[in-house]
Amino acid sequence: GMLARTDRLRLYKIFLTRAVRNSESGKELTEENYNQVKEVKSMLGITDEDEAVEFRMNFGPELQKSLNMAMFEIMGDDFTTDLVTNLKEMVDKTISDYRLSEDIVAEFASPIYMRAVSLAADKSPSGIPSQGITEQLHALRDLLGMSEEDTFSAHLDVFGNQYKQSVLESMGSTGVITKEYMEPLLSLRTRLGVSEEASRGLYLEAMEQRMIPMVEWVVLELERTMLTAEQLSRKRQKDFGEDYFKTGKGADGTLGIGAEANIMTDCMNLIDFYTENKIAEEKEIGTKTIEKKVMEGDEEKTVETEVPDFETVYPVTGLGSGAVAEDLAELLFRQFVVGGFTTQGPQGERYEAARETFGGILGLSKDKQEEVTSSIGGTVYENYISNSMRTKGALDQQDMMFLANIQGKLGISAEKSEEMLLDTQKKILSEEANALLVNEDAPPAMLKAFREKCNSMGLELVADVGLSQHSVEQLFESEVSPALVNGEISLETGDVLSEIQDSLGMLPEDAEKIFLDILVKRAQAVMRRMKAEILRGREENCPELILRLVRYAQFTNGEDLDLSVEESSGWKLFNLYDAMDFEGEDAEAVETNKDVLKRALNLN
């Protein structure tokens with residue numbers, strides 16, 4: 001049967017070591033012996049992985065000795081190019097003698113190079129290797145057969161902190177690295193052997209380290225405008241003297257921010273720090289279609305073409321670094337937006353242009369920024385529109401120009417602006433309608449003005465303003481009932497009723513039903529008054545009331561009023577009407593009205 005794996009490996013190892021020992025030098029694997037080893041490998045079923053392990057275990061120490069000797073010689077104080085050439089021959093001979101693969105050589109080369117970089121650091125008091133030491137490392141790298149990419153990890157481990165420290169030291173008092181310091185940093189990266197990608201990471205670490213206290217300071221400035229010294233001491237568990245604070249006044253104003261916040265300069269310093277140090281990055285997110293003009297012969301044409309689409313990403317943020325909590329980041333952004341909105345002139349324009357950058361630095365998503373900006377815009381819109389509509393009844397061209405200016409300043413889209421305008425108008429009209437509904441003494445003229453305002457703005461009371469059908473019916477009754485009593489609405493002026501019904505967006509049958517209910521209630525109320533006057537012997541007070549009853553009864557031809565009246569009282573009231581002076585009135589109309597009154601009083 002087949003030998004066990006351990007037995008096969010043992011036999012293979014014995015043959016491999018004897019093949020070297022039997023060579024003329026006793027320290028090499030000749031071509032002939034190597035071929036025999038390969039045959040034995042095949043016979044014993046040894047895998048490539050097991051073969052590599054045996055070569056590493058048996059001949060690795062010789063390779064390591066050779067490479068170590070070469071490393072110490074090259075990194076010594078007596079370095080020459082001839083030394084490297086001679087050492088390379090020695091190392092190559094060891095590799096060749098033992099038929100060592102590139103993988104095995106690379107495995108031993110990496111830790112040896114790491115040791116060499118550590119020696120280089122020990123020989124560099126400033127932390128930065130000299131030109132000579134750098135040349136020695138390059139020579140060793142070539143001897144070890146390593147690429148520049150293979151050495152980046154070692155250089156990052158040893159010299160990474162030095163690069164980061166150099167970045168920090170290159171910052172001025174504002175934290176900005178000027179051009180005269182930026183260029184030496186690029187050459188330093190090459191000298192230190194740190195990859196471009198790793199150096200960018202170290203650069204960002206240094207920027208974050210410098211940025212954190214800047215963000216914390218701005219947050220503290222914001223908090224101290226909104227909290228008392230005692231409140232801030234509790235929040236931060238640190239004692240702050242009264243002289244540190246401006247007024248200790250809490251937040252006020254319709255925008256919900258500290259009224260005395262004066263941190264725009266600090267915010268702009270933070271933005272300048274971020275932008276001038278080129279911390280933000282442009283990330284390709286796909287492609288977009290643009291139009292460009294091209295010449296075809298003598299004719300200029302517009303063609304569409306696909307180009308890369310980029311978005312700005314912020315690798316270092318206040319939220320990401322833990323320098324600010326999310327609620328305070330939103331509040332700080334709100335303060336900045338309001339500061340830009342309320343500042344006039346070039347400085348205000350500068351604030352507005354930097355708004356999205358500041359939001360990105362804080363770590364707020366675009367959606368969150370838009371939410372905050374829209375809430376501010378909504379508040380401004382609501383306050384301004386409310387004042388204009390209360391004073392002028394509607395928005396004019398000047399108002400629309402002002403709102404367009406706000407839209408531009410806050411970066412609100414046209415669609416969002418239109419939505420906010422409509423929402424604000426709806427809210428104001430809804431509040432106005434509710435005020436009218438709870439005010440039982442609201443004059444009809446006010447009710448009429450309200451519905452006409454809604455009509456002029458193209459808003460339906462139910463669908464747009466959000467009133468219930470019951471509320472609309474209340475408005476109808478509140479306007480119609482007084483007009484019915486004072487005679488503004490009569491059979492002759494029935495078109496007024498239709499105009500109100502149409503204006504309120506009611507169905508004719510709904511309005512008719514409600515109007516009938518009003519007629520019945522009013523007619524019955526008049527009847528109760530007349531009966532009371534007759535009971536007290538004051539028939540002389542009845543004629544005006546009878547005329548009003550006739551006017552109500554005309555709408556139903558005297559029917560469906562459900563009047564409760566004794567026949568004697570009914571005839572008394574009819575006779576009072578019959579005795580009135582109708583001179584100058586149409587005789588036929590008078591007779592018709594008498595018939596209507598008889599039916600209403602159940603005298604037929």
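The values are calculated or read from the model by the stated rules, or taken from the named source; none is laboratory data. Since we're looking at a predicted model, the values are computed, not measured. Positions of Cβ are backbone-derived with ideal geometry, glycine not excepted, and every protein chain shown enters the neighbour counts. Protein only, heavy atoms only, side chains kept; ligands, DNA and RNA dropped before computing areas. Shrake-Rupley method; radii C 1.70, N 1.55, O 1.52, S 1.80 Å.
State which entries of LYS368/LYS427; LYS521/LYS572; LYS283/LYS366; LYS426/LYS521; LYS13/LYS88 exceed 26 angstrom in Cα-Cα distance in the structure shown.
Those over the limit are LYS426/LYS521; LYS13/LYS88.
Taking H placed 1.01 Å from N in the peptide plane, check which residues at least 5 places from PHE310 or on another chain put their amide H under 5 Å from its amide H.
ILE285
Roughly how many Å² is the accessible area per residue of the stretch 5-78, as a whole number, for a 1.4 Å probe?
60 Å²
With every protein chain present, what accessible area does GLU352 have (1.4 Å probe, heavy atoms only), rounded to the nearest 10 Å²?
40 Å²
Using r as the Cβ-Cβ distance of GLU281 and SER126, and R0 as 35 Å, what FRET efficiency do you calculate, to the nearest 0.05?
0.65
Near LYS164, which aspartates and glutamates are there with a Cα under 16 Å away, not counting those fewer than 8 places off in the same chain?
In chain and number order, the partners are GLU183, GLU196, GLU197, GLU205, GLU208.
Calculate, for the stretch 383-468, the solvent-accessible area per residue in square angstrom, rolling a 1.4 angstrom probe over the heavy atoms of the protein chains.
55 Å²
Can you give the accessible area of PHE555, probe radius 1.4 Å, in Å² rounded to 10?
50 Å²
In whole percent, how big is the carbon plus sulfur part of the accessible area of the chain, probe 1.4 Å, protein atoms only?
In the chain, the share of accessible area belonging to carbon and sulfur is 48 percent.
Quick one: check the C-alpha center-to-center distance for the stretch 454-523 versus the stretch 153-189, whole angstrom.
Result: 78 Å between the Cα centres.
Between 0 and 90 degrees, rounded to the nearest ten: what's the tilt of helix 543-554 against the longest Cα principal axis of the chain?
With rounding to tens, the tilt is 60 degrees.
Just to be sure I understand: if I project the alpha-carbon convex hull of the stretch 288-442 onto a plane and average over all orientations, what area do I get in nm²?
15.1 nm²
If a paramagnetic tag sat 7 Å from the Cα of LEU422 along the Cα-Cβ line, which residues of the stretch 464-482 would have the backbone N under 19 Å from that point?
The answer is 464-468, whose backbone nitrogens lie closer than 19 Å to the label point.
Work out the FRET efficiency for ILE212 and ASN68 from their Cβ-Cβ distance, taking R0 = 35 Å, and round it to the nearest 0.05.
After rounding to 0.05, the efficiency reads 0.20.
Quick one: Cα centre-to-centre distance for the stretch 526-604 and the stretch 120-137, in angstrom?
One Cα centre to the other: 120 Å.
What's the angle, to the nearest 10 degrees (0 to 90), between helix 102-122's Cα axis and the longest principal axis of the chain?
80 degrees
Please give me the summed charge of the neighbours of ILE489: other residues whose Cβ is under 15 Å from its Cβ, Lys and Arg +1, Asp and Glu -1.
So the environment of ILE489 carries a net charge of -4.
How would you order 534-545, 439-450, 183-194 from highest to lowest mean count of nearby Cβ atoms within 10 Å?
Highest mean packing first, the order is 183-194, 439-450, 534-545.
Working out 0.36 nm times the residue gap between GLU540 and SER490, then minus their Cα-Cα distance, what length gain in nm do you get to one decimal?
15.6 nm
Sorted by accessible area (1.4 Å probe), largest first, how do HIS138, HIS470 line up?
Descending accessible area places them as HIS470, HIS138.
According to the Cα gyration tensor, what semi-axes, each the square root of 5 times an eigenvalue, does the equivalent ellipsoid of the stretch 143-196 have, listed from largest to smallest in whole Å?
27, 11, 6
Could you sort GLU418, GLU382 by accessible area so the largest value comes first, with the probe set to 1.4 Å?
Result, largest first: GLU418, GLU382.
Points 7 angstrom from Cα along the Cβ direction at SER23 and GLU107: gap in nanometres?
Between SER23 and GLU107, the simple spin-label model gives 1.9 nm.
Can you pull the Kirkwood radius for the stretch 330-418, inverse mean 1/r over Cα pairs, to one decimal in Å?
Computed over the stretch 330-418, the radius equals 13.6 Å.
Near LYS38, which aspartates and glutamates are there with a Cα under 19 Å away, not counting those fewer than 8 places off in the same chain?
List returned: ASP7, GLU28, ASP48, GLU49, ASP50, GLU51, GLU54, ASP97, GLU102, ASP103.
Could you tell me the accessible area of TRP217 in Å² (1.4 Å probe, neighbours in place), rounded to the nearest ten?
The accessible area of TRP217 comes to roughly 110 Å².
So, by mean Cβ neighbours within 10 angstrom, what's the order for 32-39, 91-98 with the highest one leading?
So the peptides 32-39, 91-98, ranked by packing, come out 91-98, 32-39.
May I ask you to give the average projected area over all directions of the convex hull of the Cα atoms of the stretch 10-80, in nm² rounded to one decimal?
6.1 nm²
If I histogram all Cα-Cα distances within the stretch 498-604 using bins 10 Å wide from 0, what percent of pairs lands in each bin?
Pair shares across the bins are 14, 44, 28, 12, 2.
Per residue, how much space in cubic angstrom lies within the convex hull of the C-alpha atoms of the chain?
Looking at the chain, the number lands at 431 Å³ per residue.
Where does helix 397-410 land angle-wise versus the long Cα axis of the chain, in degrees 0 to 90, nearest 10?
20 degrees
Ratio to report: Rg/Rh of the stretch 1-153, with Cα atoms as the point set and Rh obtained by the Kirkwood method; give two decimals.
Expressed as Rg/Rh, it is 1.09.
On a straight-distance basis, which aspartates and glutamates could pair with LYS301 in a cross-link, Cα separation under 19 angstrom, same-chain partners fewer than 8 positions away excluded?
Partners found: GLU291.
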